[in-house]
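Undergrad: Can you keep this structure in mind? I'll have questions shortly.
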Amino acid sequence: MQLHYSGPKASITAHGITYNNNKEDKFVYLSSIAELIIALNRDSIPGRQYTHEESKKTVDSDLILTQIRALNPGIDAKMTEAKNAAEKEIDHDLRQARDNHLISAEEREVLIKNITLMRDYQINRAINKAVYYSGLGAIAGILKKGHVDTISTPRIPKFAHVLHSLKASLQQLRPPIESSFDIVNEHDQYTISLTIKQPQTV
């Protein structure tokens, strides 16, 4: 499957299609995830604190999949699963729309057309979301090895979003790994820091 951007979360009704810009497509964060995987997965990381600077180039979507697949071979199955689940949900929405007699025939026709029009959009968003969480799982797997105690990145929204999500992914590991998210100011230079608290070995 080829990765590409769809857009913000869509709300589909008989009166039109609206978009929630606060619910962005996970595709916009995939380049940041790939950057972190590439950097953290290097054989040699100086020290136990890792500082990452934003790349000026967007990581190619094929490279994103290659990097995640190397650490999480199940990503293709996850993408297919997400696609099938999205298709099933859309088919369910279409059946409900056809059976909805609380709205007029004209509104029903518009609703069916809008759901159909947004089919590929919705499926692609679901696939991007599956890739995003597979990427987080790959990073969590690297961090579980215990070679890095702190990740620092520029204070930009994309990295903030990724590190917040990574914090939750680490918590879901077994055993869970605790971490703390902080904004650090050094000489008026702001960075985001995720401090990993590795489980104590007995």
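Undergrad: Might you check whether a residue that is in a loop (DSSP other than H, G, I, E, B) and modelled with pLDDT of 90 or more occurs anywhere in segment 25-32?
TA: Filtering segment 25-32 for residues in a loop (DSSP other than H, G, I, E, B) gives 25-26.
Among the residues that remain, those that are also modelled with pLDDT of 90 or more are: 25-26.
Within segment 25-32, one or more residues are in a loop (DSSP other than H, G, I, E, B) and modelled with pLDDT of 90 or more.
Undergrad: Inside segment 60-118, can you point out the residues that are of a type in the set (Ser, Thr, Tyr) and not in a helix (DSSP H, G or I)?
TA: Applying the first criterion (of a type in the set (Ser, Thr, Tyr)) to segment 60-118 yields 61, 66, 80, 104, 116.
Of everything in segment 60-118, just one residue is of a type in the set (Ser, Thr, Tyr) and not in a helix (DSSP H, G or I), namely Ser104.
Undergrad: If only one of Thr116, Thr150 is β-branched (Val, Ile, Thr) and modelled with pLDDT under 95, which one is it?
TA: Values: Thr116 fails: modelled with pLDDT under 95.
Only one candidate passes the filter, namely Thr150.
Undergrad: Further question on the same structure: Taking Asn185 as meeting all but one of (1) free of Cβ contacts under 8 Å to residues at least 12 places away in the same chain; (2) part of a helix (DSSP H, G or I), write down the number of the exception.
TA: Asn185 satisfies all of (1) free of Cβ contacts under 8 Å to residues at least 12 places away in the same chain; (2) part of a helix (DSSP H, G or I) except (2).
So that you can scan it fast, the table gives a plain yes or no per residue for (1) in contact with a Cys (Cβ under 7 Å, 6 or more places away or on another chain); (2) under 23 Å from Val131 (Cα atoms); (3) surrounded by fewer than 13 Cβ atoms within 10 Å (Cβ to Cβ):
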| residue | (1), (2), (3) |
| --- | --- |
| Arg155 | no, no, no |
| Lys158 | no, yes, no |
| Gln172 | no, yes, yes |
| Ser179 | no, yes, no |
| Tyr190 | no, no, yes |
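The values are calculated or read from the model by the stated rules, or taken from the named source; none is laboratory data. Being a predicted model, the structure only gives us computed values, none of them experimental. A quick note on method: Cβ atoms are made from the backbone with ideal geometry, for glycine too, and the neighbour counts reach across all protein chains shown.
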